[in-house]
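Chemist: Here it is, the structure in full.
Read-outs: derived from the displayed coordinates by stated rules, not from any lab. It should be emphasised that the depicted structure is a prediction, and the values quoted were computed from it without experimental measurement. Neighbour counts run over all protein chains shown; Cβ positions are idealised from the backbone, glycine included.
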Amino acid sequence: MKIYLIRHSESQDDQINCYGGASDWDITENGVKKVERFVPTFEKFNIEKIYASPLKRAYKTAEILNRNTKVPIEKIFDLHETNHYGYLTGLEKNLAKELFAYLLEMPEYQNASYYNRKCMPGGETADELDKRSKKVIKQIIKDSKGLNNIAIITHGGVLRSIFQVVLKDKRKILDIKDVAFAETDYSKGKFKVLRTQGFEFEH
């Protein structure tokens with residue numbers, strides 16, 4: 001079975017400089033155009049079912065990609081973005097600096113990221129995210145028995161975790177572009193990354 005891992009398109013928090021995370025932002029008009037340009041490529045994947053995060057920016061991406069293929073779309077809660085930012089989630093970044101300067105200045109919270117296994121107070125830890133990623137992919141594979149090609153539309157944080165703990169691909173992902181995708185193969189209990197587009201890895 002081929003599994004296409006797809007990141008959602010540009011969301012509103014990107015435009016207004018907010019901490020996105022688990023907050024529920026929609027995609028922008030420009031984000032819609034990016035998805036529409038990706039549709040011809042998506043249709044070549046011959047997708048039979050789409051699994052999507054329930055957050056607007058991911059589910060809207062799924063709906064646009066599915067306009068012509070019209071396959072089932074299933075919302076799965078555990079595909080939602082990680083709450084890495086904790087108390088800062090949804091806040092404009094300059095306002096967050098004013099309200100939570102005392103946190104942002106603390107050494108233990110500086111440079112918090114998935115790869116250094118740190119998150120902001122109130123956030124989802126990397127270990128918690130990894131556990132969720134393993135669980136949701138296992139569930140999706142079970143539910144997709146008999147299918148040849150499926151798509152999973154989710155978020156950057158979740159994709160980083162899936163690469164690390166599900167695909168066993170230890171490359172550090174520096175950036176994931178809007179509507180980036182990874183084509184993977186799942187056979188006999190093992191995963192293989194066949195190709196990626198829009199992923200930037202550390203050399």
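Chemist: Tell me the label-point distance for the pair M106, I76, using the 7 Å Cα-to-Cβ offset, in nm and rounded to one decimal.
Modeler: The two pseudo-label positions are separated by 3.4 nm.
Chemist: Let me ask something additional. Using helices alone, I'd like the mean residue ellipticity at 222 nm for the chain: each DSSP H run of four-plus residues gives -39500 (n - 2.57), total over residue count, nearest 500.
Modeler: Mean residue ellipticity, 222 nm, calculated: -9000 deg cm²/dmol.
Chemist: For N83, enumerate residues with amide H under 5 Å from its amide H, sequence gap 5+ or separate chain, H modeled in the peptide plane.
Modeler: E124
Chemist: P(r) for region 135-203: what percent of alpha-carbon pairs falls in each 5 Å bin, starting at zero?
Modeler: Pair shares across the bins are 3, 14, 29, 28, 16, 7, 2, 0.
Chemist: Moving on to the next point. Counting only C-alpha contacts under 8 Å and six or more residues apart, can you give the relative contact order of region 7-162 as a whole percent?
Modeler: 31 percent
Chemist: Per 10 Å bin, what is the whole-percent P(r) computed from every C-alpha pair distance within region 71-139?
Modeler: All Cα pairs, binned at 10 Å, distribute as 19, 43, 24, 12, 2 percent.
Chemist: Shifting gears a bit: Would you work out the relative contact order for region 95-203, in percent, from Cα pairs under 8 angstrom that are 6 or more residues apart?
Modeler: The normalised contact order for region 95-203 reaches 17 percent.
Chemist: So, one more: Between F191, Y115, T41, whose Cα lies farthest towards the positive end of the dipole of the chain when Lys and Arg beta carbons carry +1 and Asp and Glu beta carbons carry -1, centred on the Cα centre?
Modeler: It is F191.
Chemist: Let me ask another. Looking at region 48-168, I'd like the Rg to Rh ratio, where Rg is from alpha-carbon atoms and Rh is Kirkwood's inverse mean 1/r.
Modeler: 1.05
Chemist: Follow-up question, since we're still on this one. At a Förster distance of 22 Å, what's the computed FRET efficiency of L194 paired with D127, Cβ-Cβ distance as r, to 0.05?
Modeler: E(calc), rounded to 0.05, equals 0.20.
Chemist: For Y51, Y109, Y115, which order do you get if you count the other beta carbons within 10 Å of each Cβ and list the fewest first?
Modeler: Ranked by crowding around the Cβ, least crowded first: Y115, Y109, Y51.
Chemist: How high is the relative contact order of region 137-196, given as a whole-number percent (alpha carbon pairs under 8 Å, six or more residues apart)?
Modeler: Normalised by residue count, the contact order of region 137-196 is 21 percent.
Chemist: When the Karplus curve 6.51 cos²θ - 1.76 cosθ + 1.60 is applied with θ = phi - 60°, which whole-Hz ³J(HN,Hα) does each residue of region 180-194 get, with x for Gly and Pro?
Modeler: Ordered by residue, 3J(HN,Hα) equals 5, 9, 10, 8, 10, 10, 10, 8, 6, x, 10, 10, 9, 7, 8 Hz.
Chemist: Once fully extended, how much extra length lies between K49 and Y87, figured as 0.36 nm per residue of separation less the alpha-carbon to alpha-carbon distance?
Modeler: In short, 10.2 nm is gained.
Chemist: If amide H atoms are built 1.01 Å from N in the plane of the peptide, which residues on other chains or at least 5 residues away come under 5 Å of the amide H of E74?
Modeler: Hits under the 5 Å cutoff: I50, Y51, A52.
Chemist: For a bin width of 5 Å, list the pair-distance distribution of the chain built from all Cα-Cα distances, rounded to whole %.
Modeler: Per 5 Å bin, starting at 0, the Cα pair percentages come out as 1, 7, 16, 20, 20, 16, 10, 5, 3, 1, 0.
Chemist: Taking the beta-carbon count within 10 Å as an exposure proxy, list F38, F181, F201 from fewest neighbours to most.
Modeler: Fewest-to-most ranking of F38, F181, F201: F201, F38, F181.
Chemist: Separate question: How do D24, D13, D127 rank when sorted from fewest to most other Cβ atoms within 10 Å of their own Cβ?
Modeler: Fewest-to-most Cβ neighbours within 10 Å comes out as D127, D24, D13.
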